[in-house]
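Please read the structure below before turning to the comments.
The values are calculated or read from the model by the stated rules, or taken from the named source; none is laboratory data. Computed from a predicted structure; not experimentally measured. A quick note on method: Cβ atoms are made from the backbone with ideal geometry, for glycine too, and the neighbour counts reach across all protein chains shown.
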Amino acid sequence: MKHLLKLLDLSKEEIISILDLADQLKYEKKNNIAHPLLAGKSLGMIFQKSSTRTRVSFEVGMYQLGGQALFLSSNDLQIGRGEPVQDTARVLSRYLDGIMIRTFAQKEVEDLAAYGSIPVINGLTDFAHPCQVLADLMTIRERYAALDGLKLAYIGDGNNMANSLTVGCLKMGMKVAVATPEGYRPDQKVLDFASGNPNFLLTDDPVKAAAGADVIYTDTWASMGQEKEKEARIKAFAGYQVNGKLLEAANPGAMVQHCLPAYRGQEITEEVFEAHAAELFDEAENRLHAQKAVMVKLLSGERD
């Protein structure tokens, strides 16, 4: 594994290796066992989309690993003033040991990796959110001990989360049911990947998707950059809310997951959110541990 650009690039074995290391690093952190595995290393963090969890978890993670993280907003870089991404990649490769980027276009992440000479981590694009899904898989595995054979139902917008969850869960042997309205389906590359897989279901019926699910997952209906579509999206996703009635179709005791931020009263009710708050914030915490594992894998290789 040279980069983390999208989960389509990773094998099941590579995902398991990251999750196992994340579990180990979490154990060490909880027991105050220092692990300065990236001492002397520097990670540049390029943000063209703002974030709470991504910035804090990467920055704190690098600190806990003994390295340093540099916050680089698009306003601070020449890339925000028209410098070609390939030039930025080659310059930053001379200074840093790795780059994390949170941006809009997947091509920008791919170009950074193609033209640079250091590892690149996708902190989020409109196409994929691999770091979040690694944290999700970690959280689900903590609850159920194993992933193979579990069913995850994703309810809502066929966005980067639907894309990455579909790929990651199918690669881990899980069943995936995605419920979205027409016009809001996952990316065609993801549908091509899932095509013919008996463990995958795409439907416009949330109850059908949730039937027998071990995990119910949702995300905001209007992602960053889609603010002008908010009212149209609220209308389109009426009936795609994760609420008590929908959970009745899932397996008893099913988990609820959300990548956050959550808009209570839209994609999820206040009641369901608070009832599942412990697992939702376990999921948020695991961003830290999963990303630390990714950084160790890419920037040191010591635990491969």
### Query
Here are V190, V207: which of them is within 21 Å of the chain's Cα centre (by Cα) and either loosely packed, with under 15 Cβ neighbours inside 10 Å or of a type in the set (V, I, T) (or both)?
V190
### Query
Do we find a residue being polar (S, T, N, Q), touching a helix residue (DSSP H, G or I) at 6+ places or on another chain (Cβ under 8 Å) and farther than 28 Å from L5 by Cα anywhere in region 212-235?
no
## Note on the structure
Exception for I46 within (1) without any contact (Cβ under 8 Å) to a residue 24 or more places away in the chain; (2) of a type in the set (A, V, I, L, M); (3) in a strand (DSSP E or B) falls at (1)
### Message
Checking E108 against (1) of a type outside the set (A, V, I, L, M, F, W, C); (2) farther than 26 Å from V242 by Cβ; (3) in contact with a Leu (Cβ under 9 Å, 6 or more places away or on another chain), only one condition comes out false. Which one?
### Response
(3)
### Query
Has region 272-291 got at least one residue that is closer than 24 Å to M138 by Cα, polar (S, T, N, Q) and either outside the structural domain of I15 (by TED's automatic domain parsing) or under 20 Å from the mean Cα position of the chain (by Cα) (or both)?
yes
### Query
Got a number for residues in region 140-157 being closer than 22 Å to G244 by Cα and either free of Cβ contacts under 8 Å to residues at least 60 places away in the same chain or surrounded by 24 or more Cβ atoms within 10 Å (Cβ to Cβ) (or both)?
7
### Task
Residues being of a type in the set (V, I, T) and farther than 27 Å from T54 by Cβ: count how many of those fall in region 202-261.
2
### Query
Can you tell which of Y240, Y263, Y217 is under 30 Å from V120 (Cα atoms), within 22 Å of the chain's Cα centre (by Cα), of a type in the set (F, W, Y) and not assigned by TED's automatic domain parsing to the domain that holds A105?
Y217
### Query
Any residue at all in region 57-68 that is at pLDDT 95 or above, surrounded by 13 or more Cβ atoms within 10 Å (Cβ to Cβ) and among the β-branched types (V, I, T)?
yes
### Task
Check every one of the helices (runs of 4 or more DSSP H) wholly within region 143-253 and list those with 3 or more residues that are closer than 28 Å to D23 by Cα.
160-171
#### Entry: Filtered residues of region 69-80 (kept if outside any loop (DSSP other than H, G, I, E, B) and touching a helix residue (DSSP H, G or I) at 6+ places or on another chain (Cβ under 6 Å))
A69, I79
### Message
Show the residue pairs meeting these rules: Cβ distance below 8 Å; 6+ apart or different chains; first residue within region 4-22 and over 19 Å from Y144 (Cα atoms) and at pLDDT 95 or above; second residue surrounded by fewer than 17 Cβ atoms within 10 Å (Cβ to Cβ) and basic (K, R).
### Response
L8/K189
### Query
Right, L165: closer than 14 Å to A213 by Cα and touching an Asp or Glu at 6+ places or on another chain (Cβ under 8 Å) or not?
no
### Task
Please work out which residue is surrounded by the most Cβ atoms within 10 Å (Cβ to Cβ), limiting yourself to region 92-107 and to residues that are touching a residue at least 60 places away in the same chain (Cβ under 8 Å) and within 22 Å of V190 (Cα to Cα).
Q106
### Query
Can you pull out the residues in region 25-34 that are buried (at least 16 other Cβ atoms within 10 Å of the Cβ) and either of a type outside the set (A, V, I, L, M, F, W, C) or outside any helix (DSSP H, G or I) (or both)?
K26, K29
